[in-house]
1. Exactly one of (1) closer than 29 Å to residue 64 by Cβ; (2) out of contact with any strand residue (DSSP E or B) (no Cβ under 9 Å at 6 or more places or on another chain); (3) outside the structural domain of residue 71 (by TED's automatic domain parsing) is unmet by residue 193. Its number?
2. For the stretch 166-191, what are the residues that are crowded, with 16+ Cβ neighbours inside 10 Å, assigned to a helix (DSSP H, G or I) and within 20 Å of the chain's Cα centre (by Cα)?
3. With the structure loaded, tell me whether residue 80 is within 18 Å of residue 25 (Cβ to Cβ) and free of Cβ contacts under 8 Å to residues at least 60 places away in the same chain or whether it fails that test.
4. Looking only at the stretch 60-84, how many residues end up being closer than 16 Å to residue 140 by Cα, in contact with a helix residue (DSSP H, G or I) (Cβ under 8 Å, 6 or more places away or on another chain) and not in a helix (DSSP H, G or I)?
5. Could you tell me whether residue 135 is surrounded by 20 or more Cβ atoms within 10 Å (Cβ to Cβ) and either in the same structural domain as residue 31 (by TED's automatic domain parsing) or touching a residue at least 40 places away in the same chain (Cβ under 8 Å) (or both)?
6. Is it the case that residue 123 is in contact with a strand residue (DSSP E or B) (Cβ under 8 Å, 6 or more places away or on another chain) and in the same structural domain as residue 18 (by TED's automatic domain parsing)?
7. Exactly one condition in (1) without any contact (Cβ under 8 Å) to a residue 40 or more places away in the chain; (2) farther than 28 Å from residue 1 by Cβ; (3) assigned by TED's automatic domain parsing to the domain that holds residue 79 is false for residue 154; which is it?
């Protein structure tokens, strides 16, 4: 069952003018940033094919991303790098990315709808929805934006560090990725606080990236 507008519509019925959906991507990977997106869609807006980004093929995600980019009233993106993830832990880093995404919106929302169990440290009213990216249209839109942008970032890093295969696995701990870490050691964008990286004693790539 695709996501619906029932959460946004109820808030609008109760007096909200702008409702932002918020989602992050990149909690699990061993490398690269965690990235969050905040999206405000027009009232009554429907986007054909919109769904949780994980349920869409790369081709369909890119198609939906283009439609969201054209129709959205505002899109904000927050990026927290791997050094910060190592310093403050991934949960705090993902919440920081979401806060940065909200603050980057050019239109101030009246309410935030957040994917997951936790609200973030932000003064705006907010509601956390478990599996919100598969239930709520505006969160699904945020999940698509976040996924597409982070994938592009990892494809860029694939050009810089081609030996790791980032274009294929986007930094996740696949068998191929783990084998490349064992062969080449971690590179500068690997998260040192994550166990597979922390236990690797071979670091052949300079850390002055």
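The values are calculated or read from the model by the stated rules, or taken from the named source; none is laboratory data. If you're wondering where the values come from, they're calculated on a predicted model, not measured in any experiment. In this analysis, Cβ positions are derived from the backbone assuming ideal geometry, glycine residues included, and neighbour counts consider all displayed protein chains.
1. Failing condition for residue 193: (1).
2. 166, 169
3. On the way: within 18 Å of residue 25 (Cβ to Cβ): yes; free of Cβ contacts under 8 Å to residues at least 60 places away in the same chain: yes.
In short, yes.
4. Here the count works out to 4.
5. Numbers: surrounded by 20 or more Cβ atoms within 10 Å (Cβ to Cβ): no; either in the same structural domain as residue 31 (by TED's automatic domain parsing) or touching a residue at least 40 places away in the same chain (Cβ under 8 Å) (or both): yes.
Considered against the rule, which asks whether it is surrounded by 20 or more Cβ atoms within 10 Å (Cβ to Cβ) and either in the same structural domain as residue 31 (by TED's automatic domain parsing) or touching a residue at least 40 places away in the same chain (Cβ under 8 Å) (or both), residue 135 comes out as no.
6. It is false that residue 123 is in contact with a strand residue (DSSP E or B) (Cβ under 8 Å, 6 or more places away or on another chain) and in the same structural domain as residue 18 (by TED's automatic domain parsing).
7. Looking at each condition in turn, residue 154 falls short on (1).
Yes/no per residue for (1) in contact with a helix residue (DSSP H, G or I) (Cβ under 8 Å, 6 or more places away or on another chain); (2) closer than 23 Å to residue 94 by Cα; (3) at pLDDT 95 or above; (4) not in a strand (DSSP E or B):
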residue: 10; (1), (2), (3), (4): no, no, yes, yes
residue: 16; (1), (2), (3), (4): no, no, yes, yes
residue: 20; (1), (2), (3), (4): yes, yes, yes, no
residue: 28; (1), (2), (3), (4): no, yes, yes, yes
residue: 35; (1), (2), (3), (4): yes, yes, yes, no
residue: 43; (1), (2), (3), (4): yes, no, no, yes
residue: 48; (1), (2), (3), (4): yes, no, no, yes
residue: 51; (1), (2), (3), (4): yes, yes, yes, yes
